[in-house]
1. List the strands (runs of 3 or more DSSP E) inside the stretch 49-140, counting only whole elements, that have at least 3 residues being open to solvent by 30 Å² or more (accessible area, probe 1.4 Å) and in contact (Cβ under 8 Å) with a residue 24 or more places away in the chain.
2. How many residues does the stretch 377-410 contain that are part of a helix (DSSP H, G or I) and buried (at least 16 other Cβ atoms within 10 Å of the Cβ)?
3. Based on what the data block shows, is ILE181 assigned by TED's automatic domain parsing to the domain that holds GLY50, surrounded by fewer than 16 Cβ atoms within 10 Å (Cβ to Cβ) and farther than 18 Å from GLN36 by Cα?
4. What single numbered condition from (1) under 19 Å from the mean Cα position of the chain (by Cα); (2) over 30 Å from ASN194 (Cβ atoms) fails to hold for ASP263?
5. Residues in the stretch 148-159: is at least one crowded, with 16+ Cβ neighbours inside 10 Å, hydrophobic (A, V, I, L, M, F, W, C), in contact with a His (Cβ under 8 Å, 6 or more places away or on another chain) and under 16 Å from SER196 (Cα atoms)?
6. Restricting the search to the stretch 336-349, which residues are in a helix (DSSP H, G or I), surrounded by fewer than 22 Cβ atoms within 10 Å (Cβ to Cβ) and of a type in the set (Gly, Ala, Ser)?
7. Which ones in the stretch 397-417 are in contact with a Lys or Arg (Cβ under 7 Å, 6 or more places away or on another chain) and hydroxyl-bearing (Ser, Thr, Tyr)?
8. For the stretch 256-274, state whether one or more residues are within 13 Å of the ligand (Cβ to nearest atom), in contact (Cβ under 8 Å) with a residue 24 or more places away in the chain, open to solvent by less than 30 Å² (accessible area, probe 1.4 Å) and among the small types (Gly, Ala, Ser).
Amino acid sequence: MKLTRANLEVATGQDFSPAPVRIVHMGLGAFHRAHQAWYTDEVDVNREWGIAAFTGRTATEAEKLNQQDGLFTLITRGDTDKFEVIQSIVEAHDGNDTQAFTDLVAKPSTAIVTLTITEAGYGFDKSGKVDPANLAPAMARLAKALIARRTHGSAPIAVVSCDNIPANGELLGRAMRAVFIELGDEMLAWLNANVSFVSTSIDRITPKITDADLAIVASATGFEDASPVVTEPFSDWVLSGDFPAGRPAWEKAGAKFVENIHDFENRKLWLLNGSHSLLAYAGQLRGHQTVAQAIADEACLGWVQDFWTEAVNNLPIVGLDLDVYRANLLARFSNGNIAHRLGQIAIDGSTKLSVRVAPIALAELAKGNRAQGCALAIAAWVKFVSNNEFTDSRKAEVEEASAASGDRVQNLVSVINEELAANSSFMEDVKRALQLF
Ligand code: CS2
């Protein structure tokens, strides 16, 4: 039987009618579905918070989901598989349908816009700013939609960035202000008074699904699902900021609302994402394909531990349970039932390393320490992009740096961070680490 609301009603005798749209999402990928859609589904018992989700580049995912009335199966993969049907997404749209996006964001009933558009999707330059005259597509769409919301006189709204960037809400707010400032004082004043930019730290490992997963869902649930999502049992969501038009009670599913998100962000971004990127390049250079394979390799494990020691040196000792966090990460990375491909994590390395690894190295160097763990992570990326096919939204910049005259390794490191590239002892450590691969 196909997975649809009508078929589920017949099979279960329960009501599966969709909630009204109150959340609009940009970036309908697996992570959004395993994370924000799952949190919303968990807590929205009265069905008040439907999500209208827009895809990133292609319409395929929207087409698949719409054929299932937005429903999909979430496979939570620990020692065994757990299956649940998530019903919080009630409409899926092609991301290129800017009219539909604008109309939905402008509607008075819409209370929240969430984003998972990847680090590179914001088009931030090295200082975390955007060029208002040359906005990344998602930023241009959001600005246009917020302008329409003002024209419609709709009430204040929350915009929630859910990407792995430090101070993501603050940076997004700064980007939108840079656009609105060009439109005049009144527009800027409207933005400041009516749009709350919420910062978040998000966490749930969500690998790509395989054809085998489609068959597993069909045989376990009896429903044919063209687009299930696989995820790990762990999940975390820390948020900081106001929701002027209300929100689902996400805290009931474990989300934490905090005043100061900075340390939580760094803990997640540095320890999890930083070591993920290290494993993505070093692991692939050593012939591994998944995180679980790479972390089982003593050499990779040692490099991750060295890198974590440098990260932890720059996190507060109190309040973050860093030893427990590290132990949990090792267990999560070692989950052999989750095939988290290193190739998936390796995408967009130039942007990712600049926020996951460079800040730790700079903090260590500022303390007068060496940052050999970070140097190794960056060296692994240098080696990888030098000898392998790679996918990066800044690929042209990476290739230009590699072909430019002068010190090739230093040129490549400067794509990630110019200050690190100019530090001779750091560059020595990068070059030494290159010999390891
Ligand atoms: C990964 C993240 O692909 C990547 O860059 O590091 O997607 C990571 O799996 C998530 O942030 C986990 O919460």
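The values are calculated or read from the model by the stated rules, or taken from the named source; none is laboratory data. Since the model is a prediction, treat every value here as computed from it, not as a measurement. Cβ: placed from backbone, ideal geometry, glycine included. Neighbour counts: every protein chain shown. To get the accessible areas, we keep the full protein, side chains included, count just its heavy atoms, and leave off ligands, DNA and RNA. Shrake-Rupley method; radii C 1.70, N 1.55, O 1.52, S 1.80 Å.
1. Working: elements: 50-54, 72-77, 81-86, 89-93, 112-115.
Strands (runs of 3 or more DSSP E) meeting the threshold: 81-86.
2. Summing the residues that are part of a helix (DSSP H, G or I) and buried (at least 16 other Cβ atoms within 10 Å of the Cβ) in the stretch 377-410 gives 13.
3. Working: assigned by TED's automatic domain parsing to the domain that holds GLY50: yes; surrounded by fewer than 16 Cβ atoms within 10 Å (Cβ to Cβ): yes; farther than 18 Å from GLN36 by Cα: yes.
For ILE181, the condition - assigned by TED's automatic domain parsing to the domain that holds GLY50, surrounded by fewer than 16 Cβ atoms within 10 Å (Cβ to Cβ) and farther than 18 Å from GLN36 by Cα - is met.
4. Only one criterion in (1) under 19 Å from the mean Cα position of the chain (by Cα); (2) over 30 Å from ASN194 (Cβ atoms) is unmet by ASP263, namely (2).
5. no
6. Correct list: GLY343 only.
7. If the condition is that a residue be in contact with a Lys or Arg (Cβ under 7 Å, 6 or more places away or on another chain) and hydroxyl-bearing (Ser, Thr, Tyr), then SER402 is the only one that fits.
8. Yes: one or more hits.
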